[in-house]
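Just below is one structure, and these are the notes that go with it.
The values are calculated or read from the model by the stated rules, or taken from the named source; none is laboratory data. What you are looking at is a predicted structure, and each value in this text was computed from that prediction instead of being measured. Cβ atoms come from the backbone with ideal geometry, glycine included; neighbour counts cover every protein chain shown. SASA here: full protein model, heavy atoms, side chains in, ligands and nucleic acids out. Shrake-Rupley method; radii C 1.70, N 1.55, O 1.52, S 1.80 Å.
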Amino acid sequence: MKILRAQTVVELQVMLRQHETIFFGLLLPVMFLAFVGIAFRSGVYKGYSSIDSLLPPYLVMAVMSIAIVNLGISFATQRATGALRRFGGTPLPRLTLLAAKVASSAVLIAVACVLLAVMAAVFYGVQAHGNLFAAAGVLLIGILAFSAIGLTLGGSIAADGAAAVTNAVYLPLLFLGGSFVPVDKMPTALKDFALLLPPAHLTEALNTIIVQGKGAQAAGWDVLVVALWGLGAAVVATRRLRWD
């Protein structure tokens, strides 16, 4: 555990030195919430305040920005520079290294989510109607699932194409997760496709708890879908993840 904590601190320091981590992971979700919040400050959606319904998709945006884009690119870059291979020559177990990368990402995501929640509450009067501990548990499952996806990408693509590939995955997932258009407002075919993917289900799970004030059991199906995607990504990673 002590080794994991120490490596997590190192990974966090490395991530914070990357300007794109600060921008995409922390600033971009806040900017989107600010801009879109101005446009949808008034109105009702699904019987709830429209602005209340904006918080869940931007929490998911923060999760994916860090877990897919930043984690995927940094892992691919460390492979290309030989940093991961050098780690292999140390007593640090590879599983501990992966866990530290996920933990450091989780810390940054937690900071981003707190910033979003505070901004939504202070500037737009957003109120969380459900159990915040349940919402945090759902977010943790989402972080683990999308981190598995990010590590799978970063461990199987070339470093010189990492930014292009991760963003090619991230941007469609962002749209299909409801960050720009609510999923149930999409054309039927696009909606059906979106519901096959994890972002829409993570958004809906958070919406069920935070906006509708229901218990975690009401979000069970959506959480299960997200968890299964994470498990599937982890299985793929065990076969395709490369360290050099």
>> Any residue that is assigned to a helix (DSSP H, G or I), in contact with a helix residue (DSSP H, G or I) (Cβ under 9 Å, 6 or more places away or on another chain) and either farther than 30 Å from Arg240 by Cβ or modelled with pLDDT under 85 (or both) - is there at least one of those in the stretch 57-68?
In response: yes
>> Against the conditions (1) open to solvent by less than 40 Å² (accessible area, probe 1.4 Å); (2) farther than 29 Å from Gly37 by Cα; (3) not aliphatic (A, V, I, L, M), where does Arg240 fall short? Just the number, please.
In response: (1)
> Pairs, please: C-beta under 7 Å, at least 6 apart or cross-chain, first residue on the phi > 0 side of the Ramachandran plot and free of Cβ contacts under 8 Å to residues at least 60 places away in the same chain and in the stretch 119-133, second among the basic types (Lys, Arg) and surrounded by 16 or more Cβ atoms within 10 Å (Cβ to Cβ)?
Replying inline: none
> Across the stretch 201-225, what is the total count of residues that are surrounded by fewer than 23 Cβ atoms within 10 Å (Cβ to Cβ), more than 18 Å from the chain's Cα centre (by Cα) and among the hydrophobic types (A, V, I, L, M, F, W, C)?
Replying inline: 3
> Out of (1) open to solvent by less than 50 Å² (accessible area, probe 1.4 Å); (2) modelled with pLDDT under 90; (3) out of contact with any Asp or Glu (no Cβ under 8 Å at 6 or more places or on another chain); (4) in a helix (DSSP H, G or I), what's the single condition that is false for Arg79?
Replying inline: (3)
>> Quick test for you: out of Ala128, Ala110, Ala117, Ala158, pick the one residue that is small (Gly, Ala, Ser) and either buried (at least 21 other Cβ atoms within 10 Å of the Cβ) or closer than 18 Å to Val9 by Cα (or both).
In response: Ala110
> Given the conditions (1) modelled with pLDDT of 85 or more; (2) under 20 Å from Val9 (Cα atoms); (3) among the aliphatic types (A, V, I, L, M); (4) open to solvent by less than 10 Å² (accessible area, probe 1.4 Å), and given that Leu98 satisfies all but one, which numbered condition is not satisfied?
Replying inline: (4)
> Picking from Val138, Val183, Val165, which residue would you name as being more than 22 Å from Ala106 (Cβ to Cβ), buried (at least 18 other Cβ atoms within 10 Å of the Cβ) and of a type outside the set (Phe, Trp, Tyr)?
Replying inline: Val183
